[in-house]
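A quick write-up on the structure given underneath.
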Amino acid sequence: MVVEVCSFFGVYLLYCTNPRYHGRVYVGFTVNPERRIGQHNAGKRRGGAWKTSGRGPWDMVLIIHGFPSDVAALRFEWAWQHPHASRRLTHVTRRTSKERQFDFHLRVLAHMLRTAPWCRLPLTIRWLKQEYHRDFPLGLEPPLHMPVAFGQVRAVKGTKRARPESSEELPTTPKHCSVCLKSFQDGEDDDTPLRCFHASCSMAAHIICLAQTFLQKEPDQFLPIEGQCPGCKNHVLWGDLIRHHKGCYGDLEADPTSSQVNFFHQNS
């Protein structure tokens, strides 16, 4: 199954399978992973990076997505590429002579996902090639609000939303924010409300209004992690609300063989 996600910004890890350069890795940014891997394997004349050109084939094995903007993703990409130049990653030790590039980049990633500001983002860690999967080191597991998923992902244009299969199941379109009670502006993507993913809940709110509600106990923070839905009163993760908003909630598949199953979200 290929998961479709709108407003896609991702940072990926490539692994070289060419016997001459086997084991080399490359970190990059993309808004379209399917197109990007094709460009890398086609060479720099077809849009690939010069560092990967002529050294393929490459596998795109891992991608981190869920960034709020291209700028946020590009900053994450730069830090992953240059961990020892980033002031946020001064605690990460350098690669040892016996450490493979792949293992080193995974170790750096593990630290990044637990370091501000990235540790609060509603990110998804997606293994595109399950045969490359590794558990994160003990003590360096990702935060609980970041699921680890398996399978391919496709970027789609527009504002994709998960929709019921029959017209009878379509929810009533909300007209007012459940928090500030102001009306939503029809036809404006910036004013598209966040909705609770529980089937019996009709809560819908402006993103800023709901974020401020969730951050009442953390006034010094900008991005919430979790909170109580003002509609159904269930405890929900901010990341799950964002994934539902983008149309990919419930598409995260768990790996029952992993020792870190508590970091996976089961299909709904």
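A few points about this structure:
- Highest average first, the peptides 94-105, 75-86, 226-237 ordered by how many other beta carbon atoms sit within 10 Å of their residues are 75-86, 226-237, 94-105.
- Most positive-pole-ward Cα, PRO143, HIS91, LEU128, against dipole of region 76-148 from beta carbon charges: HIS91
- 19 Å cut-off, amide nitrogen to a point 7 angstrom out along CYS6 Cα→Cβ, residues in region 53-78: 65-70
- For region 1-123, size of Cβ-based charge dipole, Lys and Arg +1, Asp and Glu -1, in debye: 540
- Whole-number percent relative contact order across region 1-119, with pairs defined as alpha carbons under 8 Å at least 6 apart: 26
- The amide H of LEU62, built 1.01 Å from its N in the peptide plane, has LEU13, LEU128 as neighbours under 5 Å, considering only residues 5 or more places off or on other chains.
- Amide H contacts of ALA204 (H built 1.01 Å from N, under 5 Å, at least 5 apart or other chain): SER178
- Tensor-based shape of region 44-85 (alpha-carbon gyration tensor, a/c under 1.5 rounded, otherwise prolate or oblate): prolate
- Whole-angstrom gap from region 121-142 to region 27-104, using each part's C-alpha centre: 15
- Among the listed pairs LYS44/LYS246; LYS157/LYS182; LYS51/LYS129, those with a Cα-Cα distance over 25 Å are LYS44/LYS246; LYS157/LYS182.
- Cα gyration tensor shape of region 1-100, rounded if a/c is under 1.5, else prolate or oblate by comparing a/b with b/c: oblate
- Listed peptides 199-210, 16-27 by packing density, highest first (mean Cβ within 10 Å): 199-210, 16-27
- Rounded to whole Hz, the Karplus (6.51, -1.76, 1.60) HN-Hα couplings of region 205-214, x for glycine and proline: 8, 4, 4, 5, 4, 5, 4, 5, 5, 5
- Here TYR21 and HIS84 are evaluated by their C-beta separation; at R0 = 30 Å the FRET efficiency comes out at 0.85.
Throughout, read-outs are computed from the coordinates displayed, never taken from laboratory work. Remember, predicted model here, so these are calculated numbers, not experimental data. For neighbour counting, all protein chains shown are included, and Cβ atoms are generated from backbone atoms with ideal geometry for every residue, glycine included.
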